[in-house]
Amino acid sequence: MSTAIVYGLDNNLKTARPVMPCGFSRRKPLCLLCGILSTTVILYIMINIIRGNRNRVTVDVFQTGFFDYNGTHDYDYIFTAQETCGKGRRNQSVFLTVVVETAPVKFAERQAIRETWGSWVKLYPNIRLVFFLGLTDNTTQAKLGEENQKFKDIVQETFVDSYQNLSIKSVAVLRWVSTYCREAKYVLKSDDDMFIHIPNLINLLMKEKYERTILGCLVNGAAPIQDPNSKWYTPTSDFPMSTYPDYTSGTAYVVSGDIVYELYHMALHTKMFWLEDIYITGICAKRIKARLVNSAGFTFFKREVNGCAYKYAISGHDNTVEDIITIWSDLQQNKTC
């Protein structure tokens with residue numbers, strides 16, 4: 001569901017930078033120098049073609065109005081789960097709203113979350129859980145109607161649910177929270193292949209007051225992929241700079257409630273970019289001057305499939321339904337680590 005884990009990053013979350021040819025001597029004969037310079041120019045062009053940076057600019061396009069845009073998010077709701085954040089539930093305010101972005105056909109994944117780490121919300125009267133998705137075919141939609149009637153935890157809008165529309169889905173999350181759960185102090189966005197250790201997250205959020213903050217696994221120095229055959233290909237017309245702004249991995253991140261509406265409003269005035277974590281936590285967050293905070297508890301890697309791997313962790317990525325159930329079972333049995 002997320003863009004977050006690749007972009008050619010190594011374990012230090014850094015990307016390789018182009019190496020410029022250098023080291024020529026000014027004492028060489030002119031003709032030889034011209035030949036060397038000509039060869040250098042050719043090599044420079046070839047290197048930049050290979051690295052995909054030939055048309056990238058070094059200026060900060062955030063200062064040029066490149067991202068300025070006037071748009072709307074005028075999709076209709078099919079399901080709203082509007083009672084989720086109502087204070088009628090044990091008369092409690094909302095400390096954390098957990099939002100899982102999921103595909104309509106992921107019935108098993110949603111149920112696994114409800115029965116495992118999602119069930120932690122039942123122990124906390126001030127935590128909520130909802131699932132976000134877009135439009136699907138009639139057969140799947142009928143099943144979704146039955147699922148929502150039973151659990152009443154689905155939010156669905158009329159945009160087409162697809163990988164290319166993940167940024168639209170994340171804007172939908174900001175819209176819904178701004179409309180139906182604006183009092184939430186924090187919002188956790190998660191993919192449906194994540195395991196989230198809710199108690200560890202709550203402990204982290206209780207230790208410090210996070211304001212104007214996006215908290216998660218920080219990525220810096222990531223470069224746009226220029227290979228047209230890549231799943232993450234980004235043409236210069238979409239993003240002309242040589243590196244993306246810092247952002248947090250879209251697999252799971254927390255947004256402090258005080259900037260949710262501001263992020264939503266900025267998204268409506270920012271040129272859409274299809275990689276949702278870069279768009280929301282990078283581009284839009286930079287434009288509102290939000291603070292990005294790295295937390296070692298979050299990762300975009302897959303952790304070991306056992307409870308001990310989550311003893312101090314908050315998130316782990318790329319889990320199957322079976323993985324999620326196994327991790328949960330381990331944690332419930334309090335196995336010695």
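The values are calculated or read from the model by the stated rules, or taken from the named source; none is laboratory data. All of these numbers come straight from a predicted model, not from anything done at the bench. All Cβ positions, glycine included, derive from the backbone under ideal geometry; neighbour counts span all protein chains shown.
Quick notes on this one:
- Of the listed requirements (1) surrounded by 22 or more Cβ atoms within 10 Å (Cβ to Cβ); (2) in contact (Cβ under 8 Å) with a residue 40 or more places away in the chain, Arg182 misses just one: (1).
- Scope the stretch 119-137; condition outside any loop (DSSP other than H, G, I, E, B), modelled with pLDDT of 95 or more and surrounded by fewer than 16 Cβ atoms within 10 Å (Cβ to Cβ); matching residues: Ser119
- Selected residue (only one of Ala184, Ala112, Ala103 is at pLDDT 95 or above, in contact with a Gly (Cβ under 7 Å, 6 or more places away or on another chain) and among the small types (Gly, Ala, Ser)): Ala184
- Only residues that are in contact with a Phe, Trp or Tyr (Cβ under 8 Å, 6 or more places away or on another chain) and of a type in the set (D, E, K, R) were counted in the stretch 258-282, giving 2.
- Residue match in the stretch 144-158 (condition: surrounded by 18 or more Cβ atoms within 10 Å (Cβ to Cβ), under 16 Å from Tyr264 (Cβ atoms), out of contact with any His (no Cβ under 6 Å at 6 or more places or on another chain) and among the β-branched types (Val, Ile, Thr)): yes
- Filter result (hydrophobic (A, V, I, L, M, F, W, C) and either at pLDDT 95 or above or exposed (fewer than 13 other Cβ atoms within 10 Å of the Cβ) (or both)) within the stretch 68-93: Ile78, Phe79, Ala81
- Residues satisfying the stated conditions in the stretch 244-276, i.e. more than 15 Å from Gln164 (Cβ to Cβ) and modelled with pLDDT under 95: none
- Taken residue by residue, the stretch 274-297 has at least one member that is touching a helix residue (DSSP H, G or I) at 6+ places or on another chain (Cβ under 9 Å), closer than 18 Å to Met194 by Cα and part of a loop (DSSP other than H, G, I, E, B).
- Residue list for the stretch 300-329, restricted to those being under 12 Å from His197 (Cα atoms) and of a type in the set (Lys, Arg): Lys311
- The set of residues from the stretch 293-337 being in contact with a strand residue (DSSP E or B) (Cβ under 6 Å, 6 or more places away or on another chain), surrounded by 19 or more Cβ atoms within 10 Å (Cβ to Cβ) and of a type outside the set (S, T, N, Q) comprises Phe298, Phe300, Gly316, His317, Ile324, Ile327.
- Of all residues in the stretch 245-274, those being under 26 Å from Leu201 (Cβ atoms) and of a type outside the set (Val, Ile, Thr) number 16.
- Residues in the stretch 235-267 that are assigned to a helix (DSSP H, G or I) and surrounded by fewer than 17 Cβ atoms within 10 Å (Cβ to Cβ): Asp258, Tyr261, His265.
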